[in-house]
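Take a look at the structure set out below.
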Amino acid sequence: MTRQRSLRRQLLAGILLPTLLLVGLNTYSLHRQALAALNTAYDRTLLASAKTIGEQIEVHGYDEAARLRVTVPYAALEAFEADNQSRMYYRISSLRGELISGFDELPMWQGRIAQRPPYAALVDFYDAGFRGRPVRVAALLQPVASPEGRGMAVIQVAETLELRHAAALQILRDTLVRQALMLALIAAIVVLVVQRATRPVRRLSSSLQARAEGDLSPIAATAAPRELQPLIAATNAVMQRLAHLLAHQKRFVRDASHQLRTPLAVLKTQAQSAQRGDLPPEQALAEIAATVERATQLANQMLALARVEQLRQQGERPVTRLDEVLREVALDLSPLIAQADLDFGIDTAAAPIQAHAWMLRELCRNLLHNAIRHAPPGSPLTVTLRVDGGQALLTIADAGPGIDDELAARLFEPFSAGDVRRGSGLGLAICQEITRALGGGITLSNRRQGARVLGLDAVVRLPLAPT
């Protein structure tokens, strides 16, 4: 079973994880910057000490013959002696490496001065090891001049790194504490914001769960955030379709139970009468067969009416040629046309409709069957299909008695037949449901000549399929 993902957990992870990564990178960057700043500060102190020592050097003789002498003052080491963690070492020598003063074990400087040194002095800073401990060394080339001579001294001042490391560690601790407090504050704010942002969703969920079973009324959530409005609108649309479908199913069950009760009761009476011998067997069987035929026709038409609604809910529909379907239906009904000796004429134009072939076939069959049934024997029956702009215009014109105004107002309602003995009253209701499902319409109108009714025109308009 797939575990459902939590929207709240995704929001928290999506916000806090990048924040944590950013805080980590920021902490690392601050630590590096602190180390660089500490090195700069302590290097400056090393340089100051080297310069202090350099000011005390005396020279006798010139250049290669120069002899250097120095007395290292206590002030040159005072800045380092204030701390008990680090140790300072120094070495003063000539350019040739001859030791003048200091620690002879401290390796002689072998580096080079940068073209653009960081300070206004001939100084080189580098890391080395001394007596098994890492040290930071400042090597200063100090020119020495006096009335007695001129020369060049190399002053090396080395410092162990305990103080630098301790200061960097303290800065790192302080930074981590501040970053942790900031991260905790951000996390608390994010949790509160996410809780507040998802509150309408929880409120909407609780409202839906508290609804009574079968309550498909629209969700009234005008105060919901703008981002939830499309979801609410889509949910209301789905609930509206479900309510329509449920009402249609209830109406179908109610109508089926009501309409089928009568033919079944008649069929039961006829069977009982045949068993008692009230009628000759041939007549009894003929009446039973007629009742079964009417019940079968009623059941088929009720199922067709339900299928229209089913196809309406399927969404995308294929493109079907109405003219081809119309001619197929006319060919199927040709025996009835010949039996009534009708003067039948059909004229069609190509009309592609976005509809299921069954819907168009049922529409044409019901309209043609009604026209054939009501047309007088030997009268004309004309079927025309034209394209009018973006619509297909189907006209079925018979020469029957037409319809009166009172009947026309309710003829498209289910079970409203003009002659209950000859029909169930569902044919035109099916036609209207089909045309509505396809975005069209159907009308019935008497064709007149003055006050005289010449026949009935059934006119269907359906939108053509987009090319």
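Coordinate-derived values only; no laboratory data. These numbers were taken from a predicted model, which means no experiment stands behind them. Glycine gets a Cβ as well: all are built from the backbone with ideal geometry, and neighbour counts include every protein chain shown.
Details
- When the Cα positions of Gly151, Gly129, Asn26 are compared along the charge dipole of the stretch 7-169, Asn26 comes out farthest toward the positive end, with charges on each C-beta of Lys, Arg, Asp and Glu.
- Taking Cα atoms only, the orientation of helix 281-312 departs from the longest principal axis of the chain by about 30 degrees.
- Separation of the His31 and Ala338 label points, Cα + 7 Å toward Cβ, nm: 9.9 nm
- Based on C-alpha pairs under 8 angstrom that are at least 6 apart in sequence, the chain has a relative contact order of 10 percent.
- Principal-axis tilt of helix 322-332 within the chain, Cα atoms, nearest 10 degrees: 30 degrees
- Relative packing of 122-130, 57-65, which averages over residues the other C-beta atoms within 10 Å, highest first: 122-130, 57-65
- Residues Cys431, Cys364 arranged by fewest to most Cβ contacts within 10 Å: Cys431, Cys364
- Rg over Rh, two decimals, the stretch 319-463 (C-alpha only, Kirkwood Rh): 0.94
- Segment Glu293-Glu105, extension gain: residue separation times 0.36 nm, minus the distance between their alpha carbons: 55.3 nm
- Förster radius 35 Å - calculated FRET efficiency between Val190 and Arg131, Cβ distance, rounded to 0.05: 0.10
- Rounded to the nearest 10 degrees, the angle from helix 357-374 to the longest Cα principal axis of the chain is 20 degrees.
- Segment Thr198..Gln283, full-extension length gain: 23.1 nm, with 0.36 nm per residue of separation and the alpha-carbon distance subtracted.
- Our summary of shape: the Cα atoms of the chain have principal axis extents of 157, 49, 39 Å, ordered from largest down, in whole angstrom.
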